[in-house]
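**Student:** Here you go, one structure.
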Amino acid sequence: MSEGSFQARAQLLLALRKGGVTDPRVLSVMEQTPRDAFVDPHFATSAWDDAALPIACGQTISQPFVVGAMTAALELTGSEKVLEIGTGSGYQTAILSKLARRVFTIERYRSMMKTAQARFEALGLNNIVAQCSDGGLGWPRQAPFDRIILTCAAPSQPDALLSQLGPGGILVAPVGAGAVQELLRYRLRPDGVFEEEPLMDVRFVPLLPGTG
Ligand code: SAH
């Protein structure tokens, strides 16, 4: 780790804490996950800024604060089977993989999935399974999941994905059809009812049907 990146990491942690991400496990994993490995070398100097950055196929790697807040909202303990929709750069996937037992991740662009897989391998993250498909349909063969996270915005309540959540499960997703969406947390209660909780306003790229 270079001097510069040490300072950049410390600054990012400060921004995360200021924003309200206080879970020590989430903070420690974000400090240890090299975000520069998930962006184009062109953006390497901005990789530790608390800002969203462009990645391939016109997509974006989320702002670290939002990654931290969404990860914390999942309340991971280390034993969970997680489904992520929207692999993108693979940065959020990498964070999840260090806080959960196993991560299944879906991306609609095959080239992005391949690039992300190479990054997982290079970083020795071997509890991630990636697939190129329409994440809106979930991964029925692997269901139920303990946690589900969408890193693209569902236009409305993601029923197909909610149906793949196990008892006590949590789904975190940006929901809305506009440029600004509401980040929602759904919790499946033992009586089978979903509890819905608004967390904050966010800006995500839309969940698109089919593969790219
Ligand atoms: N978590 C990512 C954020 C990527 S942006 C990161 O840390 O980099 C959202 C991603 O969702 C994009 O890569 C986009 O291609 C993907 N996406 C959009 N609709 C999808 C769908 N139906 N199925 C799977 N992935 C989808």
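**Student:** Looking for whichever is touching a Pro at 6+ places or on another chain (Cβ under 8 Å), closer than 19 Å to Gln59 by Cβ and modelled with pLDDT of 95 or more here; the options are Ala130, Ala154. Which one fits?
**Tutor:** Working: Ala130 fails: touching a Pro at 6+ places or on another chain (Cβ under 8 Å).
Going through Ala130, Ala154 in turn, just one is touching a Pro at 6+ places or on another chain (Cβ under 8 Å), closer than 19 Å to Gln59 by Cβ and modelled with pLDDT of 95 or more: Ala154.
**Student:** OK, next. Scan Arg203, Arg147, Arg189 and give me the residue that is basic (Lys, Arg), away from the ligand (no atom under 14 Å from the Cβ) and open to solvent by 50 Å² or more (accessible area, probe 1.4 Å). Can you show your working first?
**Tutor:** Details: Arg203 fails: away from the ligand (no atom under 14 Å from the Cβ); Arg147 fails: open to solvent by 50 Å² or more (accessible area, probe 1.4 Å).
Sole residue among the options that is basic (Lys, Arg), away from the ligand (no atom under 14 Å from the Cβ) and open to solvent by 50 Å² or more (accessible area, probe 1.4 Å): Arg189.
**Student:** Failed condition for Leu171, given (1) part of a strand (DSSP E or B); (2) without any contact (Cβ under 8 Å) to a residue 60 or more places away in the chain; (3) away from the ligand (no atom under 14 Å from the Cβ); (4) open to solvent by 30 Å² or more (accessible area, probe 1.4 Å), with all others met?
**Tutor:** (4)
**Student:** Picking from Leu83, Leu99, Leu76, Leu123, which residue would you name as being more than 8 Å from the ligand (Cβ to nearest atom) and in contact with a Pro (Cβ under 8 Å, 6 or more places away or on another chain)?
**Tutor:** Sole residue among the options that is more than 8 Å from the ligand (Cβ to nearest atom) and in contact with a Pro (Cβ under 8 Å, 6 or more places away or on another chain): Leu123.
**Student:** When the residues of the range 44-67 are filtered to those that are more than 12 Å from the ligand (Cβ to nearest atom) and assigned to a helix (DSSP H, G or I), which remaining residue is most open to solvent (accessible area, probe 1.4 Å)?
**Tutor:** Only one residue fits best here, namely Thr45.
The values are calculated or read from the model by the stated rules, or taken from the named source; none is laboratory data. Values in this document were obtained by computation on a predicted structure and should not be read as measured data. We place every Cβ from the backbone using ideal geometry, glycine too, and count neighbours over all the protein chains shown. Heavy atoms of the whole protein, side chains included, go into the accessibility calculation; ligands, DNA and RNA do not. Shrake-Rupley method; radii C 1.70, N 1.55, O 1.52, S 1.80 Å.
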